[in-house]
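Participant: There's a structure below that I have some questions on.
The values are calculated or read from the model by the stated rules, or taken from the named source; none is laboratory data. The model shown is predicted, which means the values in this text are computed figures rather than measured ones. Positions of Cβ are generated from backbone atoms using ideal geometry, with glycine treated the same way; all protein chains shown enter the neighbour counts. Ligands, DNA and RNA are stripped out before the accessible areas are found, and what is left, the full protein with its side chains, is counted by its heavy atoms. Shrake-Rupley method; radii C 1.70, N 1.55, O 1.52, S 1.80 Å.
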Amino acid sequence: METLLQKAFSADAFRTNGHKLIDLLADRLANSQNTTQPFSLCWQEADNMLEYWKQDAQKPLLEEPFELFSNILSHSINLYSKSTMGHQVPPPAPHAVLGTLLTAFLNNGSAVYEMGMTGNALEKMIIAEMAKTFGLGDDVSGFITSGGTLGNLTALLCARAVMQDAGDDDNSQLAALVSVEAHYSVERAMRVMGYDVENVIKVPVNEHFQIRTDLLEEYYEKAVAAGKKVFCIIGCACSTSTGSYDDLEALALFAKKHNLWFHVDGAHGAAAVYSPKYKHLLNGIEHADSIIVDFHKMMCVPSLSTAVIFRRPGDSYKTFAQKAQYLWADQEKKEWQNSGKRTFECTKPMTVVSIYTLMRMYGNELFKENVETLCALAAQFAALVTAHPHFELAVQPQSNIVCFRYIAAGNLDDINKRILQHLVREGKYYITGTTLNNSFCLRTAIMNPLTGITEFEGLLEYIQQVPL
Ligand SMILES: Cc1ncc(COP(=O)(O)O)c(C=O)c1O
């Protein structure tokens, strides 16, 4: 009789069920692209969802997983829907998804060279190519890590380690200069590093939600007077709420003047570098000491996959320098191929395969098209909002994020919050909200390049029908 383990590892069952799964997903993809009916998610209260899955777990064991896969699909938000315009998470390009399937099958962790030979080589190659594209030069270092949050932490840890390495051991009051609009992961990173919230010096933004570079000196001086040691400045490229790009040239100059580490959080928007039309937004990034870019935002791959790029070749080795006798023969040697010496993760998925698959199939032209399409769509939606008598645009978008409000008699914050709640629960359109200048706004991140005027007009129409 077949043992459970024999069953679980059956090649035939894998082939049959794998084909069925791909058919299921391809149908979902085709339906999402072809339908004219907006549909993003089938909302359920969290407790009901928990109950649903608790009951599922009580059912008899499955002979094959098709029904389970179908259920998971129908109980999840559909990012391939053209009416999903919520968070900055893309519908991944299908071949990048296949790349992820391959890497899950391989399960090659990349910490140790022989466990991730291809992954380590591809990472080195892609980081070098990207660094050149950003204008950092040839002699850089970097790797891919699991998300922008970890990327920001890794870069800031490195900034501190480099400072210590230069002989400056007093790091008790280190502080970072950043815009009030920076992603929360920057503050989280500083807290993980052992600093108070006050050590994140938040500089106000201008009317475009870009850091006020005219205030940098004042905030820096104030921090120093309060006993802080400002060690780095972080540029948003772009910010999360509004997609605004900081003036990276001004930040680079400021960093140089005060001998600060210059980090660019390009998690969302650094992919603009591939577009001749938008890359000017990144002017100044070529002076960065470190840059992060999320492939799983504007570059069409599944989460999480983030490039962390360092200007200098040795820097990436300083962050996590420590001994692990059982992993590497030579603890001190700078070996790019043993990437675990430099990354937070030990077992690290080979996510580089997904981005490399897209690069090999379509070239960087795909990212150019994606960035330009998404930004053009955002501009189109912003123009619709501006022209509409019942809507107000919060700020002209610089990228693919549009913030706006519905205007009606009454408390606009309450009204727009109620609209958002209604939208999420009805599930036809999925958008998010944010607070700008103390006002609650609706927020769309256009991540699906197939979203278009039909969805934009439909959304505005739908919002006007929401019972208030
Ligand atoms: C500007 C910015 N930085 C960092 C992050 C964090 O990235 P992740 O979700 O990959 O951890 C985000 C996420 O939205 C972001 O918008």
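Participant: Greater than 29 Å separation of Cα atoms is the criterion. Which listed pairs, LYS228/LYS334; LYS297/LYS428; LYS54/LYS428, meet it? Before the final figure, lay out the partial values.
Facilitator: Values: LYS228/LYS334 33 Å; LYS297/LYS428 23 Å; LYS54/LYS428 27 Å.
As for pairs spanning more than 29 Å Cα to Cα, those are LYS228/LYS334.
Participant: On the Cα set of the range 86-205, report Rg and Dmax in Å, please.
Facilitator: Over the range 86-205's Cα set, Rg and Dmax evaluate to 17.9, 49 Å.
Participant: What is the packing order of peptides 103-109, 116-122, 230-236, taking the mean over residues of other C-beta atoms within 10 Å and listing the highest first?
Facilitator: Most protected by this proxy first, the peptides run 230-236, 116-122, 103-109.
Participant: Over the chain, what is the mean sequence separation of C-alpha contacts under 8 Å (at least six apart), divided by residue count, expressed as relative contact order in percent? Present the calculation step by step, with values, prior to reporting the outcome.
Facilitator: Details: 847 pairs, mean separation 99.6, N = 468.
With pairs under 8 Å counted, the relative contact order is 21 percent.
Participant: Give the relative contact order (percent, whole number) for the range 108-362; include only Cα pairs under 8 Å separated by 6+ residues.
Facilitator: On the way: 501 pairs, mean separation 73.1, N = 255.
Reported as a whole number, the value is 29 percent.
Participant: I'm a student and want to see the number: the projected area of the Cα convex hull of the range 183-319, averaged over all directions, in nm².
Facilitator: Numbers: hull surface 35.8 nm².
In nm², the orientation-averaged hull projection of the range 183-319 is 9.0.
Participant: Okay, moving on. Keeping every protein chain present and rolling a 1.4 Å probe, give me the accessible area per residue for the chain in Å². Present the calculation step by step, with values, prior to reporting the outcome.
Facilitator: On the way: 22140 Å² over 468 residues.
Ligands and nucleic acids excluded, the figure is 47 Å² per residue.
Participant: Additional query: For the range 356-442, what does the alpha-carbon gyration tensor say about shape, rounded, prolate or oblate, given a ≥ b ≥ c as the root eigenvalues, a/c under 1.5 as rounded, and a/b over b/c as prolate?
Facilitator: Details: a/c = 2.89, a/b = 2.06, b/c = 1.40.
Prolate, since a/c reaches 1.5 and a/b exceeds b/c.
Participant: Measure up LYS257/LYS341; LYS202/LYS279; LYS132/LYS341; LYS132/LYS318; LYS229/LYS417 against 30 Å on the Cα-Cα distance and list the ones that go over. Could the numbers behind the result be given before it?
Facilitator: Numbers: LYS257/LYS341 32 Å; LYS202/LYS279 26 Å; LYS132/LYS341 24 Å; LYS132/LYS318 22 Å; LYS229/LYS417 40 Å.
Violating the 30 Å limit, Cα to Cα: LYS257/LYS341; LYS229/LYS417.
Participant: Moving on. How big is the C-alpha Rg of the range 1-159 next to the rule-of-thumb value 2.2 N^0.38 Å, as a ratio?
Facilitator: On the way: Rg = 20.7 Å, N = 159, 2.2 N^0.38 = 15.1 Å.
Working it through for the range 1-159, the quotient is 1.37.
Participant: Can you classify the range 21-84 as rounded, prolate or oblate using the Cα gyration tensor, where a ≥ b ≥ c are the square roots of its eigenvalues, rounded means a/c under 1.5, and otherwise it's prolate if a/b beats b/c and oblate if not? Let's see the in-between values first.
Facilitator: Numbers: a/c = 4.13, a/b = 1.41, b/c = 2.92.
Verdict is oblate for the range 21-84.
Participant: Still on this model: So what is the diffusion coefficient of the range 59-109 in µm² per second by Stokes-Einstein at 25 °C and 0.890 mPa s, using a Kirkwood Rh over Cα pairs? Write out the running numbers ahead of the final one.
Facilitator: Working: Rh = 13.6 Å.
After rounding, the answer is 180 µm²/s.
Participant: What percentage of all Cα-Cα pairs in the range 253-365 are separated by more than 18 Å?
Facilitator: Numbers: 3818 of 6328 pairs.
The answer is 60 percent, as a whole percent.
Participant: Using 10 Å bins from zero, what percent of all Cα-Cα pairs in the range 130-170 falls into each bin?
Facilitator: Taking every Cα pair in the range 130-170, the percentages come to 24, 40, 33, 3.
Participant: Counting other Cβ atoms within 10 Å, keep those with at most 12, restrict to DSSP loop, and tell me which GluC sites (Glu not before Pro) in the range 179-219 are left. Present the calculation step by step, with values, prior to reporting the outcome.
Facilitator: Values: sites: GLU181, GLU187, GLU198, GLU207, GLU217, GLU218; in loops: GLU181, GLU207.
Of the GluC sites (Glu not before Pro), the ones in loops of the range 179-219 whose Cβ has at most 12 other Cβ atoms within 10 Å are GLU207.
Participant: Around PHE262, with a cut-off of 10 angstrom between Cβ atoms, what is the net charge of the other residues, counting Lys and Arg +1 and Asp and Glu -1? Provide the component values of the computation, followed by the final result.
Facilitator: On the way: positive: LYS256, ARG311; negative: ASP289.
The answer is +1.
Participant: Express in % the proportion of alpha carbon pairs of the chain at distances exceeding 28 Å. It would help to have the intermediate numbers written out before the result.
Facilitator: Values: 61652 of 109278 pairs.
Tail of the P(r) past 28 Å holds 56 percent of the pairs.
Participant: I would also like to ask the following. Could you compute Rg(Cα) / (2.2 N^0.38 Å) for the range 108-362, with N its residue count?
Facilitator: Working: Rg = 17.5 Å, N = 255, 2.2 N^0.38 = 18.1 Å.
After normalising by residue count via 2.2 N^0.38 Å, the value is 0.97.
Participant: Per the helix-only calculation at 222 nm, which mean residue ellipticity applies to the chain, given -39500 (n - 2.57) for every DSSP H run of n ≥ 4 and division by its residues, nearest 500 deg cm²/dmol?
Facilitator: -13500 deg cm²/dmol
Participant: Now a separate question. On the accessible surface of the chain, probed at 1.4 Å, how many percent belong to carbon and sulfur atoms? Numbers along the way, then the final one.
Facilitator: Numbers: 12040 of 22140 Å².
Carbon plus sulfur share of accessible area: 54 percent.
Participant: Here's something else I'd like to know. What does the highest-first list of 436-448, 375-387, 59-71 look like by mean Cβ count within 10 Å?
Facilitator: On the way: 436-448: 20.5, 375-387: 18.7, 59-71: 11.0.
Sorting 436-448, 375-387, 59-71 by mean packing, highest first, produces 436-448, 375-387, 59-71.
Participant: Would you be so kind as to identify which of MET49, LEU73, PRO91 lies farthest towards the positive end of the dipole of the range 39-106, taking Lys and Arg as +1 and Asp and Glu as -1 on Cβ and the Cα centre as origin?
Facilitator: PRO91
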